[in-house]
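Everything on this sheet refers to the single structure shown next.
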Amino acid sequence: MAEKFRCAPSQINYVLETRFSQDHGFIIESRRGGGGFIRIIRLDSAESEPTDERFWQDLSQPMSFKKAEVILERLVDQGAISKREATLITRVLKEETEQIQTPFGDVVRSLIMRSVLFVVLNAKED
């Protein structure tokens, strides 16, 4: 692929890892060399429920605003939250963290995101 697009293999890897990450709902399998392949698998909603342990662990890590947007978009796609709830959470994250420099803003963002989603997702189960 790198030869076809006249770029370094690391550039192909970067694009795949950022555009088709687990946060976006994908798993990438690849093998280099002759007979190598790249397989991009879309996860089913059932395979990645928003309340599973991995989801909450991911939320406990510092996150960029972009990563927060990706997570919220995926939750909307899965039907776990509404578009309105995602918009509200995005607005809160932006207003409360845009003035805080990285890495502190990323930490505060993940704390807010985790707290708000915990309340929103648990309220839907009631």
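Readers should treat all values here as calculations from the given coordinates under stated rules, not as data from a laboratory. Quick caveat, the model's predicted, so the values are computed rather than measured. Positions of Cβ are backbone-derived with ideal geometry, glycine not excepted, and every protein chain shown enters the neighbour counts.
Worth a mention:
- Taking E95, E85, E73 as the candidate residues, the one with maximal mean-square fluctuation in a Gaussian network model of the chain, Cα springs under 10 Å, is E95.
- For the stretch 62-78 and the stretch 11-44, distance of Cα centres in Å: 19 Å
- Counting lysine pairs in the chain that sit 8 or more residues apart in sequence, or on different chains, and whose Cα atoms lie under 29 Å apart gives 9.
- Look at (1) 8.6; (2) 9.5; (3) 7.1: the one that is mean projected area of the Cα convex hull in nm² derived from this structure is (2).
- The order of R6, R114, R42, going from fewest to most other C-beta atoms within 10 Å of their C-beta, is R6, R42, R114.
- Relative contact order for the chain, counting Cα pairs under 8 Å that sit 6 or more residues apart, in percent: 20 percent
- The stretch 1-43: relative contact order as a whole-number percent, Cα under 8 Å and 6+ apart: 25 percent
- The helix-only estimate of mean residue ellipticity at 222 nm for the chain, built from DSSP H runs of length n ≥ 4 each weighted as -39500 (n - 2.57), is -18000 deg cm²/dmol after division by the residue total.
- Pairs of alpha carbons in the stretch 1-43 whose separation is greater than 11 Å (percent): 67 percent
- Distance between modelled label sites at T18 and V119, nm, 7 Å Cα→Cβ extension: 3.4 nm
- Segment E73-R91, length gained on full extension (0.36 nm per residue, minus Cα span): 5.1 nm
- Dipole-positive endmost among Q22, G33, I12 within the stretch 1-43 (Cβ charges, Cα centre): G33
- Proxy reagent accessibility, fewest Cβ within 10 Å first, across T97, T18, T90: T18, T90, T97
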